[in-house]
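The values are calculated or read from the model by the stated rules, or taken from the named source; none is laboratory data. Keep in mind the model is a prediction, meaning the values are calculated, not measured. Positions of Cβ are backbone-derived with ideal geometry, glycine not excepted, and every protein chain shown enters the neighbour counts.
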Amino acid sequence: MTEHKTGTREQWLAARLELLEAEKELTRRGDEVARRRQALPWVRLDKDYQFETEDGNVSLADLFKGRSQLLVYHFMFGPDYTAGCPSCSAIADGFDGFVAHLANHDVMLSAVSRAPLAKLQAYKRRMGWTFPWASSRGSDFNFDFNVAFTEAQQRGGTVEYNYRLGGHAMDAATVPAPVAQFAATCGTDASTYRRDLPGLSAFVIEDGVVYHTYSTYARGVDGLWGMYQWLDRAPRGRNETGPWWRRHDEYDKGGSVARGGHHHAASSGCGAQG
């Protein structure tokens, strides 16, 4: 016998209609936030960022591939990783499904990471992905957009991430278990793992000039994580007490089952602030 509240179809419908009003309000609020996001001032970029891609060395403007808008997913794959972050990998599993739609609506999508291109390409083949993925190795790009940090910044607690300065100092005694777990799956230690963090940045190009328009981090990328949008509509919701996801080729054939109370593990999994 279930311990969850039960009722008649009439009781369910009454509660559902009440919830519908809240859902509609959330949608309207989301539309307003999107308008404010698009109204942010644009910041001209004059630095010559260079990237390694399958088409050779290119500029940030080249990543647009003829479109006027560019969305960059800052994928956690540092130079010393042997595999991409499992959380970023779960998010990126959805990219191939909509990258063609975006490209045909004047928006280019590309992942960018600091790992060498050869590592990114090998991992891309392993995951079966086809979306564009550029290496920013040797560039200031990830540092300038606050998704990559130095060991000195970590030691001094001066990491600026998610519009907060400080924190992310790492020592063996304070490493959260999920961070240590994911670092190990990336073939590195927790401190090295957290020198790269996730995010999304948006850019526009007009008359040959590139402008930065928006960046978001930590739970700001939650909406890109397709599996969570589905779980939020499932009977038990996210139903997690810690990171349960793996790279899609690492699950047992029977799948993985998570039990327990609600907890947003996305931020703890990547080691990001919520």
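Under 6 Å between Cβ atoms, at least 6 apart or on separate chains: pull out the pairs that start in region 134-153 with a residue that is under 22 Å from residue 65 (Cα atoms) and end on any residue that is part of a loop (DSSP other than H, G, I, E, B) and of a type in the set (D, E, K, R).
136/114; 137/114; 142/114
Can we say residue 34 is more than 24 Å from the chain's Cα centre (by Cα) and of a type in the set (Gly, Ala, Ser)?
Taking the combined requirement at face value, the residue does not satisfy it.
In region 54-70, what residues are surrounded by fewer than 19 Cβ atoms within 10 Å (Cβ to Cβ) and either under 30 Å from residue 151 (Cβ atoms) or within 19 Å of the chain's Cα centre (by Cα) (or both)?
Of everything in region 54-70, those that are surrounded by fewer than 19 Cβ atoms within 10 Å (Cβ to Cβ) and either under 30 Å from residue 151 (Cβ atoms) or within 19 Å of the chain's Cα centre (by Cα) (or both) turn out to be 57, 58, 59, 69.
Given the conditions (1) touching a Pro at 6+ places or on another chain (Cβ under 9 Å); (2) modelled with pLDDT of 95 or more; (3) not in a loop (DSSP other than H, G, I, E, B), and given that residue 137 satisfies all but one, which numbered condition is not satisfied?
So residue 137 meets the others, but not (3).
Is it the case, given these coordinates, that residue 173 is modelled with pLDDT of 95 or more, small (Gly, Ala, Ser) and out of contact with any Ser or Thr (no Cβ under 8 Å at 6 or more places or on another chain)?
Judged against the criteria, residue 173 is not a match.
Which residue pairs have Cβ atoms closer than 8 Å, lie 6 or more positions apart in sequence or on different chains, and pair a first residue in region 194-212 that is more than 16 Å from residue 48 (Cα to Cα) and part of a strand (DSSP E or B) with a second residue that is among the charged types (D, E, K, R) and at pLDDT 95 or above?
Listed by first residue and then by second, the contacts come to 196/114.
Tell me, which strands (runs of 3 or more DSSP E) lie completely within region 1-112 with 3 or more residues that are within 30 Å of residue 249 (Cα to Cα) and modelled with pLDDT of 95 or more?
Where strands (runs of 3 or more DSSP E) fall fully within region 1-112 and carry at least 3 residues being within 30 Å of residue 249 (Cα to Cα) and modelled with pLDDT of 95 or more, they are 50-53, 69-74.
Could you say whether any residue in region 78-100 is exposed (fewer than 12 other Cβ atoms within 10 Å of the Cβ) and either farther than 26 Å from residue 196 by Cα or hydrophobic (A, V, I, L, M, F, W, C) (or both)?
Taking every residue of region 78-100 in turn, none turns out to be exposed (fewer than 12 other Cβ atoms within 10 Å of the Cβ) and either farther than 26 Å from residue 196 by Cα or hydrophobic (A, V, I, L, M, F, W, C) (or both).
Of the conditions (1) out of contact with any helix residue (DSSP H, G or I) (no Cβ under 8 Å at 6 or more places or on another chain); (2) touching a residue at least 24 places away in the same chain (Cβ under 8 Å), residue 238 fails just one. Which one is it?
(1)
Taking region 121-133 as the region of interest, how many residues are assigned to a loop (DSSP other than H, G, I, E, B) and either without any contact (Cβ under 8 Å) to a residue 24 or more places away in the chain or touching a His at 6+ places or on another chain (Cβ under 7 Å) (or both)?
The qualifying residues number 1.
Listed here are the residues, each with its yes/no results for (1) acidic (Asp, Glu); (2) out of contact with any Phe, Trp or Tyr (no Cβ under 8 Å at 6 or more places or on another chain); (3) farther than 29 Å from residue 201 by Cβ.
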position	(1), (2), (3)
4	no, yes, yes
8	no, yes, yes
14	no, yes, yes
28	no, yes, no
50	no, yes, no
82	no, yes, no
86	no, no, no
